[in-house]
Amino acid sequence: GTSCGTDISSENGKDDASGAAGWTFLGQFIAHDVTADRSDLVDRADIGALENVRRQKLNLEFLYGTGSTGEPYLYDVDDPAKLLIGLNDAGQAEDFQRNSQGIAIIVDPRNDSHLLMAQMQVLFSKFHNRIVDWLRERGAAEQNIFTDAQRLVRWHYQWIILREFLPEVIGDALTDALLVGGSRYYRPAADPFIPLEFADA
């Protein structure tokens, strides 16, 4: 692309300027998926007591919570395979469910910190619900609908990270090298963890 006569495309021909800001917010979205420190804010925290309550998986835990049994307020009572989506001020299904004081009824309140984060989560909720409809249109067994939809949404999310986000952030060459040979330096033990510096950044 060009701006004021200056070429701002990268070597691979991608328009870096138009996508750069969006990748930042997707990175924040991903970080919320793998990190959450629920420790009290104090002057001098005991570092040994701080704990990341998220699993180190790209599984949209903040979207699904513990499921319709564990967190039923996230799901449609009339159709528990679907996530609830709230109405915005114009009466359109484009927002989180909110309590009477406007607080979002979601697993991770950080995803309501600004409009872009909120809309990404709403987008994934709507995508999940559309996948539920798509599976039903194809005659999928009703008892498997939620699990199958959740798996498909997670796979699409992981594909976006692997095939779109990583190449933009670390480059095609390093992404390809990781896909072929695995990580060179990161060798997690039996209990992998997210470093505190990243989880609380």
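Restriction of the chymotrypsin sites (Phe, Trp or Tyr not before Pro) in region 85-189 to DSSP coil positions whose beta-carbon has at most 10 other beta-carbons within 10 angstrom yields TYR185, TYR186. Sorting ASP176, ASP33, ASP148, ASP89 by solvent-accessible area of protein heavy atoms yields ASP89, ASP176, ASP148, ASP33, largest first, with a 1.4 Å probe.
Taken over region 75-201, the percentage of Cα pairs per 5 Å bin, counting from 0 up to the bin with the maximum distance, is 2, 8, 13, 15, 16, 15, 14, 10, 5, 2, 0.
What the phi angles of region 182-188 give under the Karplus curve with 6.51, -1.76 and 1.60, with θ = phi - 60°, is a coupling list of x, 6, 8, 10, 7, 10, x Hz, glycine and proline written as x.
Close amide H contacts of LEU58 (hydrogens built in the peptide plane, cut-off under 5 Å, sequence separation of 5 or more or a different chain): none are found.
Please report the carbon-and-sulfur percent of the accessible area for region 72-131; probe 1.4 Å, protein heavy atoms only, DNA, RNA and ligands left out.
On the way: 1940 of 3350 Å².
Summing carbon and sulfur atoms, their accessible area is 58 percent of the total for region 72-131.
The values are calculated or read from the model by the stated rules, or taken from the named source; none is laboratory data. None of these values were measured; they are calculated from a predicted model. When we count neighbours, we look across all protein chains shown, and the Cβ atoms used for this are built from the backbone with ideal geometry, even at glycine. These accessible areas exclude ligands, DNA and RNA; they are computed on the full protein's heavy atoms, side chains included. Shrake-Rupley method; radii C 1.70, N 1.55, O 1.52, S 1.80 Å.
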